[in-house]
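Student: Quick one: the structure is below, and I'll ask about it shortly.
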Amino acid sequence: MMTAPRVPNFLSTLPPTRGRLAADAPLAPFTWFRAGGPAEALLRPADSADLSAFLAELPHTVPVHVLGACSNLIVRDGGLLGVTIRLARGFNEIVVEADGVVAGAGAMDATVAEHAAAAGLAGLEFLCGVPGSIGGAVAMNAGAYGGDISACFDWAEIVARSGEVLRLDSAALAFAYRHANLPPGGVVVRARLRATPGNKSAIAARMAEIRAAREASQPVRARTGGSTFRNPNGMKAWELIDAAGCRGLTRGGAQVSQKHANFLINTGDATSADLEGLGEEVRRRVFAASGVRLEWEIKRMGIPAARPEARP
């Protein structure tokens with residue numbers, strides 16, 4: 001497999017950090033698909049201050065990529081040039097308040113829902129059905145089972161590409177379906193989500209209902225990446241995919257799930273090219289059958305292995 005061109009001694013050109021910095025770091029183990037190429041440099045900052053200081057000194061000519069839980073992501077086989085930031089320890093604190101929860105970007109959505117439920121706070125139950133972390137949830141206005149981030153969002157702290165720390169409210173992020181208007185290159189590091197006091201038993205029951213529905217309808221135990229395509233207005237992506245005869249369709253080690261047609265799965269040895277290529281074939285067949293152009297919900301980043309590109 002061909003990978004992205006690397007800069008010799010790249011780490012020595014980067015600003016200092018209190019976190020962990022590694023060269024040519026494998027990313028496939030982090031992605032839910034378990035596929036993809038390496039990062040030229042992988043930074044796991046110690047905390048927000050460390051990230052801010054690093055970005056403030058990082059030349060703007062160096063590309064920056066941000067990874068969360070990697071649950072809704074395809075990293076292409078050629079890997080990622082520049083610096084890839086992964087938020088982990090130092091970004092997973094959860095603080096429960098009287099009318100909401102403040103959560104670090106690295107905190108898992110389901111864990112935030114569980115903390116809220118334990119405190120008798122309602123309104124965040126939907127998060128137990130969202131595979132991913134809070135940072136990613138804010139960045140894409142994640143939602144499921146009748147709820148989304150925009151409906152409970154109070155504010156987010158974001159480290160800008162310049163290193164400046166911003167606190168932005170819902171109006172500033174201009175949430176839309178599966179979209180938030182983040183500053184270019186900005187990294188969500190913390191967010192506050194509103195909630196209301198509720199009945200603990202009712203909250204627990206709703207979360208159990210969501211988990212059961214997800215288990216019954218989605219390939220949650222497979223190497224998958226969540227919903228592949230956005231639902232077009234007034235339509236369900238899976239119904240369009242099914243009607244186009246794509247359920248069970250394969251390409252290399254990638255397959256359209258038999259259980260839920262809007263999920264791609266790695267059956268064991270799929271490359272990212274297999275997964276992305278299969279998705280594009282699904283888009284082609286759906287358009288031919290219905291005239292609807294499906295839009296990717298899964299984020300795809302990096303360089304295809306077959307066509308490496310030099311850094312601009």
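The values are calculated or read from the model by the stated rules, or taken from the named source; none is laboratory data. Values in this document were obtained by computation on a predicted structure and should not be read as measured data. Here Cβ is always computed from backbone atoms with ideal geometry, including for glycine, and neighbour counts include all displayed protein chains. The area values use the complete protein model at the heavy-atom level, side chains included, leaving out ligands, DNA and RNA. Shrake-Rupley method; radii C 1.70, N 1.55, O 1.52, S 1.80 Å.
Student: Tell me which residues come under 5 Å, amide H to amide H, from residue 189 once H is placed; ignore anything under 5 positions away on its chain.
Tutor: Amide H to amide H, under 5 Å and 5 or more residues apart or across chains, residue 189 pairs with 157, 158, 159.
Student: In Å², and per residue, what accessible area does the chain have when probed at 1.4 Å with the other protein chains present? Could the numbers behind the result be given before it?
Tutor: On the way: 13740 Å² over 312 residues.
So the chain comes to 44 Å² accessible per residue, rounded to a whole number.
Student: Right, something else. Classify the stretch 71-141 from the C-alpha gyration tensor, please: rounded if a/c falls under 1.5, else prolate or oblate depending on whether a/b exceeds b/c. Walk me through the numbers before you get to the answer.
Tutor: Details: a/c = 3.33, a/b = 2.09, b/c = 1.60.
Note, shape of the stretch 71-141 comes out prolate.
Student: Rank 267, 61, 84 by mean-square fluctuation in a GNM of the chain with C-alpha springs under 10 angstrom and give only the top-ranked residue.
Tutor: Judging by the Gaussian network model, the answer is 61.
Student: Under a Cβ-Cβ cut-off of 13 Å, what is the net charge of the residues other than residue 207 that fall near it, where Lys and Arg count +1 and Asp and Glu count -1?
Tutor: Working: positive: 200, 206, 211, 214; negative: 109, 114, 125, 209, 215.
Here the count lands on -1.
Student: Using a Gaussian network for the chain with springs between C-alpha atoms less than 10 Å apart, which of these wobbles most: 253, 68, 79?
Tutor: 253
Student: Dipole of the stretch 112-232 (Lys/Arg Cβ +1, Asp/Glu Cβ -1, origin at the Cα centre): which of 144, 119, 196 lies farthest to the positive side?
Tutor: Final value for the positive-end residue is 144.
Student: Moving on. Using 0.36 nm per residue, how much length does the chain from residue 18 to residue 176 gain when fully extended, once their Cα-Cα distance is taken away? Don't skip to the answer; put the middle values down first.
Tutor: Working: separation 158, 0.36 × 158 = 56.88 nm, distance 3.59 nm.
Value of the extension gain: 53.3 nm.
Student: Same structure, new question: Only bridges with both residues in the chain count here: give the DSSP antiparallel percent, nearest 5. Walk me through the numbers before you get to the answer.
Tutor: Details: 39 of 51 bridges.
For the chain, the DSSP antiparallel bridge percentage is about 75.
Student: Using 0.36 nm per residue, how much length does the chain from residue 61 to residue 164 gain when fully extended, once their Cα-Cα distance is taken away?
Tutor: Details: separation 103, 0.36 × 103 = 37.08 nm, distance 1.76 nm.
Gain in length upon complete extension: 35.3 nm.
Student: Using the Kirkwood formula on the Cα atoms of the stretch 117-246, what hydrodynamic radius do you get, in angstrom to one decimal? Could the numbers behind the result be given before it?
Tutor: Working: mean 1/r = 0.0611 Å⁻¹.
Result for the stretch 117-246, one decimal place: 16.4 Å.
Student: I would also like to ask the following. For the stretch 263-306, what ratio Rg/Rh do Cα atoms give with a Kirkwood hydrodynamic radius? Intermediate results must be reported in sequence, preceding the final value.
Tutor: Working: Rg = 11.7 Å, Rh = 11.7 Å.
Looking at the stretch 263-306, the ratio lands at 1.00.
Student: May I ask you to compute the full-extension gain from residue 300 to residue 34, defined as 0.36 nm times their residue separation minus their alpha-carbon distance, rounded to one decimal in nm?
Tutor: Details: separation 266, 0.36 × 266 = 95.76 nm, distance 1.39 nm.
Residue separation times 0.36 nm, minus the Cα-Cα distance, leaves 94.4 nm.
Student: I've got another one for you. Considering only the other residues whose Cβ falls under 13 Å of the Cβ of residue 19, what net charge follows from Lys and Arg at +1 and Asp and Glu at -1? The partial results should precede the final answer.
Tutor: Values: positive: 18, 20, 44, 86, 89; negative: 47, 50.
That works out to +3.
Student: Okay, moving on. When the distances between all Cα atoms of the stretch 175-279 are binned every 10 Å from zero, what whole-number percent does each bin get?
Tutor: Going out from 0 Å in 10 Å bins, the stretch 175-279 shows 13, 30, 31, 23, 4 percent.
Student: Using only the Cα atoms of the chain, what do you get for the radius of gyration and for Dmax, in Å?
Tutor: That works out to 19.7, 58 Å for Rg and Dmax.
Student: Evaluate the distance, in nm, between pseudo-label points positioned 7 Å from the Cα of residue 258 and of residue 211 along their respective Cα→Cβ axes.
Tutor: 2.7 nm
Student: Please work out the FRET efficiency for the pair residue 233 and residue 196, using the Cβ-Cβ distance as r and a Förster radius of 30 Å; give the result to the nearest 0.05.
Tutor: Values: r = 30 Å, r/R0 = 1.00.
Computed FRET efficiency for residue 233 and residue 196: 0.50.
Student: Summing -39500 (n - 2.57) over the DSSP H runs of n ≥ 4 in the chain and dividing by its residue number, what mean residue ellipticity at 222 nm do you reach, to the nearest 500 deg cm²/dmol? List each step's numbers first, then the result.
Tutor: Working: 8 runs with 78 residues, N = 312.
Value at 222 nm, helices only, nearest 500: -7500 deg cm²/dmol.
Student: Let me ask something additional. Taking all protein chains as present, what is the carbon and sulfur share of the accessible area of the chain, in % to the nearest whole number, probe 1.4 Å?
Tutor: Numbers: 7120 of 13740 Å².
Exposed carbon and sulfur together represent 52 percent of the surface.
Student: Using the Karplus equation 6.51 cos²θ - 1.76 cosθ + 1.60 (θ = phi - 60°), what ³J(HN,Hα) coupling, rounded to whole Hz, does each residue of the stretch 220-235 give in order, writing x for Gly and Pro?
Tutor: Running phi through 6.51 cos²θ - 1.76 cosθ + 1.60 with θ = phi - 60° gives 5, 9, 9, 7, 9, x, x, 4, 7, 10, 5, 6, x, 3, x, 9 Hz.
Student: Let me cross-check residue 299: its accessible surface, 1.4 Å probe, with only protein heavy atoms counted, in Å² to the nearest 10?
Tutor: 120 Å²
Student: Compute the signed sum of charges (Lys and Arg +1, Asp and Glu -1) over the other residues within less than 15 Å, Cβ to Cβ, of residue 231.
Tutor: Working: positive: 178, 230, 236, 283, 293; negative: 148, 239, 242, 295, 297.
Cβ neighbours under 15 Å give a net charge of 0.
Student: What distance in nm lies between label points placed 7 Å from Cα along the C-beta direction at residue 269 and residue 96?
Tutor: Inter-label distance under the simple model: 4.8 nm.
Student: Continuing with this model, one more query. For a quick check, take a GNM of the chain with Cα springs below 10 Å and name the residue from 162, 133, 150 with the largest mean-square fluctuation.
Tutor: For the chain, modelled as a Gaussian network with Cα springs under 10 Å, the answer is 162.
Student: Here is a follow-up. Taking the Cα centre of the chain as origin and charging only Cβ (+1 Lys, Arg; -1 Asp, Glu), how large is the dipole, in debye to the nearest 20? Please list the in-between numbers first.
Tutor: On the way: 33 positive and 29 negative charges, 120 e Å.
Result for the chain is approximately 580 debye, rounded to the nearest 20.
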